Amino acid sequence: MRHNLGVMAPPNEEHRWLGALAGALDDTWTVDRVEAFGVDEIEVIAAAPPLRRSLSVFPNLRLIQSLWAGVEVILKDPGLRTDVPLARMKDPEMERSMALSVLAHVLAFHLHHDQYRRQQSRSEWSQIYGVAPEARTVTILGLGSMGRAAAVALREAGFRVAAMVRSPRPDAIETFGSDQLDVRLAETDVLVNVLPVTDRTKDLIDARLLSKLPAGAAFVNVARGAHVVDADLLAALDSGQLRHAFLDVFRTEPLPGDHRYWQHPRVTLTPHMAAPTFPGSGARFVAEQLDRLERGEPLEQLVDHSEGY
(Lines give C-alpha, C1' and ligand atoms only; values in the text may rest on other atoms or scores of the structure.)
Protein backbone atom coordinates (compact mmCIF):
# COMPACT_ATOMS: atom_id res chain seq x y z
CA MET A 1 0.00 0.00 0.00
CA ARG A 2 1.33 3.44 -0.93
CA HIS A 3 1.55 6.26 1.60
CA ASN A 4 2.24 9.96 1.11
CA LEU A 5 4.43 12.18 3.26
CA GLY A 6 4.20 15.92 2.63
CA VAL A 7 7.08 18.20 3.59
CA MET A 8 6.90 21.85 4.67
CA ALA A 9 10.30 23.32 5.53
CA PRO A 10 12.13 26.63 5.08
CA PRO A 11 13.14 27.24 1.46
CA ASN A 12 16.86 26.95 2.20
CA GLU A 13 16.37 23.58 3.93
CA GLU A 14 13.51 21.89 2.08
CA HIS A 15 15.55 20.31 -0.72
CA ARG A 16 17.87 18.74 1.84
CA TRP A 17 14.94 17.31 3.78
CA LEU A 18 13.25 15.95 0.66
CA GLY A 19 16.40 14.09 -0.34
CA ALA A 20 17.15 12.80 3.16
CA LEU A 21 13.59 11.60 3.80
CA ALA A 22 13.29 9.94 0.39
CA GLY A 23 16.52 8.09 1.10
CA ALA A 24 15.54 7.02 4.63
CA LEU A 25 11.99 5.75 3.95
CA ASP A 26 11.10 2.48 2.28
CA ASP A 27 9.50 2.40 -1.16
CA THR A 28 5.97 2.33 0.23
CA TRP A 29 6.29 6.05 0.97
CA THR A 30 6.15 8.85 -1.57
CA VAL A 31 7.91 11.99 -0.31
CA ASP A 32 7.33 15.44 -1.82
CA ARG A 33 6.40 19.00 -0.98
CA VAL A 34 2.85 19.29 0.38
CA GLU A 35 1.84 21.18 -2.77
CA ALA A 36 2.54 18.07 -4.87
CA PHE A 37 -0.41 16.22 -3.29
CA GLY A 38 -4.10 16.80 -2.90
CA VAL A 39 -4.96 17.76 0.67
CA ASP A 40 -6.80 14.46 1.18
CA GLU A 41 -3.84 12.38 -0.09
CA ILE A 42 -1.37 13.18 2.69
CA GLU A 43 -1.16 10.89 5.72
CA VAL A 44 1.90 12.41 7.42
CA ILE A 45 3.30 15.93 7.32
CA ALA A 46 6.92 16.65 8.26
CA ALA A 47 7.01 20.35 9.07
CA ALA A 48 9.28 23.16 10.18
CA PRO A 49 8.37 26.85 10.34
CA PRO A 50 7.28 28.85 8.52
CA LEU A 51 4.16 26.85 7.74
CA ARG A 52 2.96 27.60 4.22
CA ARG A 53 -0.50 26.14 4.81
CA SER A 54 -2.63 25.54 7.85
CA LEU A 55 -2.38 21.94 9.01
CA SER A 56 -6.14 21.97 9.57
CA VAL A 57 -6.83 21.63 5.82
CA PHE A 58 -5.46 18.07 5.62
CA PRO A 59 -8.35 15.74 6.58
CA ASN A 60 -6.53 12.38 6.61
CA LEU A 61 -3.47 13.09 8.72
CA ARG A 62 -2.21 10.32 10.95
CA LEU A 63 0.85 12.17 12.26
CA ILE A 64 2.40 15.64 12.27
CA GLN A 65 6.15 15.26 12.72
CA SER A 66 8.08 18.41 13.57
CA LEU A 67 11.49 18.71 11.92
CA TRP A 68 12.61 20.94 14.79
CA ALA A 69 12.83 20.26 18.50
CA GLY A 70 10.56 23.26 19.19
CA VAL A 71 6.88 23.05 18.31
CA GLU A 72 5.49 26.40 19.48
CA VAL A 73 4.84 27.65 15.93
CA ILE A 74 2.98 24.47 14.99
CA LEU A 75 0.89 24.66 18.17
CA LYS A 76 -0.23 28.16 17.17
CA ASP A 77 -1.51 26.96 13.77
CA PRO A 78 -5.20 27.96 13.52
CA GLY A 79 -7.50 24.97 13.84
CA LEU A 80 -4.73 22.53 14.71
CA ARG A 81 -6.40 19.22 15.50
CA THR A 82 -5.58 17.72 18.86
CA ASP A 83 -6.70 14.26 17.72
CA VAL A 84 -3.73 13.99 15.33
CA PRO A 85 -0.45 13.07 17.12
CA LEU A 86 2.17 15.81 17.02
CA ALA A 87 5.76 14.76 17.68
CA ARG A 88 8.96 16.70 18.32
CA MET A 89 12.18 15.90 16.50
CA LYS A 90 14.76 13.80 18.32
CA ASP A 91 18.10 13.93 16.57
CA PRO A 92 21.29 12.73 18.33
CA GLU A 93 23.41 14.96 16.09
CA MET A 94 21.28 17.96 17.07
CA GLU A 95 21.69 17.10 20.74
CA ARG A 96 25.46 16.79 20.33
CA SER A 97 25.56 20.16 18.58
CA MET A 98 23.61 21.71 21.46
CA ALA A 99 26.00 20.19 23.99
CA LEU A 100 29.02 21.54 22.13
CA SER A 101 27.49 24.99 21.72
CA VAL A 102 26.62 25.35 25.39
CA LEU A 103 30.00 23.98 26.44
CA ALA A 104 31.75 26.44 24.12
CA HIS A 105 29.85 29.40 25.60
CA VAL A 106 30.49 28.32 29.19
CA LEU A 107 34.18 27.75 28.45
CA ALA A 108 34.42 31.18 26.81
CA PHE A 109 33.15 32.71 30.05
CA HIS A 110 35.20 30.42 32.29
CA LEU A 111 38.44 31.17 30.38
CA HIS A 112 37.64 34.92 30.24
CA HIS A 113 37.48 35.06 26.45
CA ASP A 114 34.72 37.64 26.68
CA GLN A 115 36.93 39.90 28.78
CA TYR A 116 39.95 39.36 26.55
CA ARG A 117 37.86 40.32 23.53
CA ARG A 118 36.98 43.61 25.18
CA GLN A 119 40.64 44.14 26.12
CA GLN A 120 41.68 43.44 22.55
CA SER A 121 39.42 46.23 21.31
CA ARG A 122 41.44 48.57 23.59
CA SER A 123 44.86 47.06 22.70
CA GLU A 124 45.14 46.13 26.37
CA TRP A 125 47.40 43.31 27.59
CA SER A 126 46.19 42.14 31.00
CA GLN A 127 46.26 38.56 32.22
CA ILE A 128 43.28 37.26 34.21
CA TYR A 129 43.79 34.37 36.61
CA GLY A 130 40.70 32.20 36.99
CA VAL A 131 39.50 29.20 38.97
CA ALA A 132 39.13 25.50 38.34
CA PRO A 133 35.90 24.27 36.64
CA GLU A 134 34.92 22.61 39.90
CA ALA A 135 34.58 26.07 41.41
CA ARG A 136 32.00 27.14 38.83
CA THR A 137 28.29 26.37 39.13
CA VAL A 138 26.23 26.13 35.94
CA THR A 139 22.46 26.17 36.40
CA ILE A 140 20.40 24.83 33.50
CA LEU A 141 16.75 25.74 33.06
CA GLY A 142 15.18 22.61 31.55
CA LEU A 143 16.39 19.04 31.33
CA GLY A 144 14.83 17.65 28.17
CA SER A 145 17.01 15.85 25.65
CA MET A 146 18.80 19.10 24.73
CA GLY A 147 19.32 20.24 28.30
CA ARG A 148 20.52 16.81 29.34
CA ALA A 149 23.07 16.65 26.53
CA ALA A 150 24.42 20.03 27.61
CA ALA A 151 24.42 19.07 31.29
CA VAL A 152 26.40 15.89 30.67
CA ALA A 153 29.00 17.73 28.56
CA LEU A 154 29.43 20.39 31.24
CA ARG A 155 29.71 17.85 34.04
CA GLU A 156 32.31 15.87 32.08
CA ALA A 157 34.29 19.10 31.67
CA GLY A 158 34.39 19.40 35.45
CA PHE A 159 31.74 22.03 36.16
CA ARG A 160 29.19 21.76 38.97
CA VAL A 161 25.84 21.34 37.23
CA ALA A 162 22.23 21.45 38.44
CA ALA A 163 19.02 21.68 36.41
CA MET A 164 15.58 23.09 37.14
CA VAL A 165 12.84 20.63 36.22
CA ARG A 166 9.08 20.57 36.64
CA SER A 167 9.20 17.51 38.91
CA PRO A 168 12.54 16.88 40.67
CA ARG A 169 13.58 13.25 40.59
CA PRO A 170 16.61 11.04 41.28
CA ASP A 171 18.92 11.60 38.35
CA ALA A 172 22.57 11.50 37.36
CA ILE A 173 22.22 15.28 37.01
CA GLU A 174 21.24 17.14 40.17
CA THR A 175 17.71 18.53 39.77
CA PHE A 176 15.55 20.99 41.67
CA GLY A 177 12.06 22.46 41.37
CA SER A 178 11.05 25.99 40.40
CA ASP A 179 10.34 26.74 44.07
CA GLN A 180 14.09 26.52 44.67
CA LEU A 181 15.10 28.70 41.74
CA ASP A 182 15.85 31.90 43.68
CA VAL A 183 18.16 30.05 46.08
CA ARG A 184 19.94 28.33 43.20
CA LEU A 185 20.33 31.54 41.22
CA ALA A 186 22.27 33.08 44.10
CA GLU A 187 24.88 30.33 43.68
CA THR A 188 25.02 30.42 39.86
CA ASP A 189 28.02 31.50 37.80
CA VAL A 190 26.43 30.70 34.43
CA LEU A 191 22.69 30.43 33.79
CA VAL A 192 21.75 28.37 30.70
CA ASN A 193 18.21 28.47 29.30
CA VAL A 194 17.03 25.38 27.39
CA LEU A 195 13.32 25.59 28.30
CA PRO A 196 10.42 25.18 25.86
CA VAL A 197 8.23 28.23 25.30
CA THR A 198 4.94 28.02 27.19
CA ASP A 199 2.65 30.54 28.85
CA ARG A 200 4.56 29.86 32.09
CA THR A 201 8.03 30.41 30.64
CA LYS A 202 7.49 33.47 28.40
CA ASP A 203 9.33 36.52 29.78
CA LEU A 204 10.87 34.36 32.52
CA ILE A 205 14.27 36.03 32.16
CA ASP A 206 13.39 39.45 33.51
CA ALA A 207 14.86 42.05 35.84
CA ARG A 208 13.69 40.23 38.97
CA LEU A 209 15.29 36.94 37.96
CA LEU A 210 18.52 38.54 36.73
CA SER A 211 18.87 40.47 40.00
CA LYS A 212 19.02 37.14 41.88
CA LEU A 213 22.25 36.16 40.11
CA PRO A 214 25.61 37.10 41.66
CA ALA A 215 27.11 40.24 40.10
CA GLY A 216 29.35 39.23 37.21
CA ALA A 217 27.47 36.05 36.23
CA ALA A 218 26.81 35.01 32.63
CA PHE A 219 23.64 34.09 30.76
CA VAL A 220 23.37 31.65 27.85
CA ASN A 221 20.13 31.49 25.85
CA VAL A 222 19.84 28.62 23.38
CA ALA A 223 16.07 28.12 23.78
CA ARG A 224 13.82 30.89 22.43
CA GLY A 225 13.90 34.67 22.40
CA ALA A 226 10.42 34.88 23.93
CA HIS A 227 11.88 33.78 27.27
CA VAL A 228 13.80 37.04 27.62
CA VAL A 229 12.66 40.58 28.40
CA ASP A 230 15.25 42.26 26.20
CA ALA A 231 15.20 45.64 27.95
CA ASP A 232 15.83 43.96 31.30
CA LEU A 233 18.70 41.89 29.94
CA LEU A 234 20.32 44.94 28.35
CA ALA A 235 19.97 46.86 31.62
CA ALA A 236 21.68 44.03 33.52
CA LEU A 237 24.53 44.02 31.00
CA ASP A 238 24.88 47.81 31.06
CA SER A 239 25.05 47.89 34.86
CA GLY A 240 27.56 45.05 35.12
CA GLN A 241 25.12 42.80 36.98
CA LEU A 242 25.83 40.40 34.13
CA ARG A 243 29.38 40.10 32.82
CA HIS A 244 28.29 38.63 29.50
CA ALA A 245 25.36 37.14 27.58
CA PHE A 246 25.67 34.48 24.90
CA LEU A 247 22.54 34.68 22.76
CA ASP A 248 21.55 32.31 19.96
CA VAL A 249 17.80 33.06 19.77
CA PHE A 250 15.74 36.25 19.57
CA ARG A 251 12.14 37.45 19.58
CA THR A 252 12.48 38.58 15.97
CA GLU A 253 14.63 36.52 13.63
CA PRO A 254 16.66 37.54 11.75
CA LEU A 255 17.61 40.02 14.44
CA PRO A 256 16.95 43.58 13.16
CA GLY A 257 20.11 45.38 12.15
CA ASP A 258 19.50 48.26 14.53
CA HIS A 259 19.10 46.08 17.63
CA ARG A 260 21.50 46.92 20.46
CA TYR A 261 22.57 43.30 20.81
CA TRP A 262 24.59 43.53 17.58
CA GLN A 263 27.08 46.07 18.90
CA HIS A 264 26.92 45.47 22.64
CA PRO A 265 30.42 44.68 24.00
CA ARG A 266 29.00 42.21 26.52
CA VAL A 267 26.98 40.15 24.04
CA THR A 268 28.13 37.24 21.90
CA LEU A 269 25.55 36.64 19.19
CA THR A 270 24.99 33.60 16.96
CA PRO A 271 22.18 33.29 14.34
CA HIS A 272 20.02 30.51 15.86
CA MET A 273 22.57 27.81 15.08
CA ALA A 274 23.31 26.25 18.48
CA ALA A 275 21.52 23.04 17.51
CA PRO A 276 20.37 22.82 13.90
CA THR A 277 18.57 19.68 12.82
CA PHE A 278 20.73 17.46 10.62
CA PRO A 279 18.51 16.08 7.80
CA GLY A 280 20.47 12.82 7.52
CA SER A 281 20.08 11.74 11.15
CA GLY A 282 16.73 13.51 11.53
CA ALA A 283 15.30 11.57 8.58
CA ARG A 284 16.30 8.31 10.24
CA PHE A 285 14.24 9.29 13.29
CA VAL A 286 11.26 10.09 11.03
CA ALA A 287 11.64 6.68 9.36
CA GLU A 288 11.58 4.99 12.77
CA GLN A 289 8.46 6.98 13.70
CA LEU A 290 6.68 5.87 10.54
CA ASP A 291 7.62 2.25 11.18
CA ARG A 292 6.04 2.58 14.63
CA LEU A 293 2.98 4.22 13.10
CA GLU A 294 2.52 1.36 10.62
CA ARG A 295 2.96 -1.28 13.32
CA GLY A 296 0.58 0.47 15.69
CA GLU A 297 3.30 0.98 18.28
CA PRO A 298 3.61 4.03 20.59
CA LEU A 299 5.22 7.04 18.93
CA GLU A 300 8.14 8.89 20.48
CA GLN A 301 8.46 12.55 21.48
CA LEU A 302 4.71 13.20 21.49
CA VAL A 303 3.58 16.70 22.40
CA ASP A 304 1.10 17.37 25.20
CA HIS A 305 -1.06 20.16 23.73
CA SER A 306 -2.15 21.30 27.17
CA GLU A 307 1.46 21.70 28.35
CA GLY A 308 2.74 23.23 25.12
CA TYR A 309 5.61 20.79 24.59
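Looking only at region 268-279, decide whether some residue is in contact with a strand residue (DSSP E or B) (Cβ under 7 Å, 6 or more places away or on another chain) and more than 30 Å from Leu21 (Cα to Cα). Scanning region 268-279, I find at least one residue that is in contact with a strand residue (DSSP E or B) (Cβ under 7 Å, 6 or more places away or on another chain) and more than 30 Å from Leu21 (Cα to Cα), so the answer is yes. Note on region 45-56: among residues that are without any contact (Cβ under 8 Å) to a residue 40 or more places away in the chain and either within 19 Å of His3 (Cβ to Cβ) or touching a helix residue (DSSP H, G or I) at 6+ places or on another chain (Cβ under 8 Å) (or both), the one that is surrounded by the most Cβ atoms within 10 Å (Cβ to Cβ) is Leu55.
Filtered by the rule that a residue be touching a strand residue (DSSP E or B) at 6+ places or on another chain (Cβ under 7 Å) and among the basic types (Lys, Arg), region 174-232 gives a lone residue, Arg184. Every listed requirement among (1) open to solvent by 30 Å² or more (accessible area, probe 1.4 Å); (2) charged (D, E, K, R); (3) out of contact with any Leu (no Cβ under 7 Å at 6 or more places or on another chain); (4) in contact (Cβ under 8 Å) with a residue 60 or more places away in the chain is met by Arg266 save one, (3).
Condition check ((1) of a type outside the set (Gly, Ala, Ser); (2) in contact (Cβ under 8 Å) with a residue 12 or more places away in the chain; (3) under 22 Å from Glu72 (Cα atoms)) across all residues:
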{"site": "Lys90", "(1), (2), (3)": "yes, yes, yes"}
{"site": "Gln119", "(1), (2), (3)": "yes, no, no"}
{"site": "Gly142", "(1), (2), (3)": "no, yes, yes"}
{"site": "Val161", "(1), (2), (3)": "yes, yes, no"}
{"site": "Arg166", "(1), (2), (3)": "yes, yes, yes"}
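Does Leu103 satisfy the condition of being within 17 Å of the chain's Cα centre (by Cα) and over 26 Å from Pro11 (Cβ atoms)?
Spelling it out, Leu103 is indeed within 17 Å of the chain's Cα centre (by Cα) and over 26 Å from Pro11 (Cβ atoms).
Please state which one of Asp258, Asp238 is over 23 Å from Met94 (Cα atoms) and assigned to a helix (DSSP H, G or I).
Sole residue among the options that is over 23 Å from Met94 (Cα atoms) and assigned to a helix (DSSP H, G or I): Asp238.
All of Ala215, Ala245, Ala231 fail the test of being assigned to a strand (DSSP E or B) and either at pLDDT 95 or above or touching a Ser or Thr at 6+ places or on another chain (Cβ under 7 Å) (or both), apart from Ala245.
Residue-wise test of (1) surrounded by 15 or more Cβ atoms within 10 Å (Cβ to Cβ); (2) farther than 28 Å from Arg96 by Cβ.
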residue: Val190; (1), (2): yes, no
residue: Arg200; (1), (2): no, yes
residue: Ile205; (1), (2): yes, no
residue: Leu209; (1), (2): yes, yes
residue: Ala231; (1), (2): no, yes
residue: Leu237; (1), (2): yes, yes
residue: Leu255; (1), (2): yes, no
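Screening region 116-161 for residues that are of a type in the set (Ser, Thr, Tyr) and within 23 Å of the chain's Cα centre (by Cα) and picking the one that is farthest from Pro196 (Cα to Cα) gives Thr137. Residues of region 5-44 that are over 27 Å from Asp83 (Cβ atoms), under 23 Å from the mean Cα position of the chain (by Cα) and in contact (Cβ under 8 Å) with a residue 40 or more places away in the chain: Pro10, Glu13, Arg16, Ala20.
Can you pull out every residue in region 1-18 that is in contact with a strand residue (DSSP E or B) (Cβ under 9 Å, 6 or more places away or on another chain) and either under 17 Å from Gln65 (Cβ atoms) or among the hydrophobic types (A, V, I, L, M, F, W, C) (or both)?
Correct list: His3, Asn4, Leu5, Gly6, Val7, Met8, Ala9, Glu14, Trp17, Leu18.
Kindly establish whether Gln127 is open to solvent by 50 Å² or more (accessible area, probe 1.4 Å) and assigned to a helix (DSSP H, G or I).
no
The values are calculated or read from the model by the stated rules, or taken from the named source; none is laboratory data. As the structure is a prediction and not an experimental result, all values here were calculated from the model. All Cβ positions, glycine included, derive from the backbone under ideal geometry; neighbour counts span all protein chains shown. We work out accessible area using only protein heavy atoms, side chains counted, and drop any ligands, DNA or RNA first. Shrake-Rupley method; radii C 1.70, N 1.55, O 1.52, S 1.80 Å.
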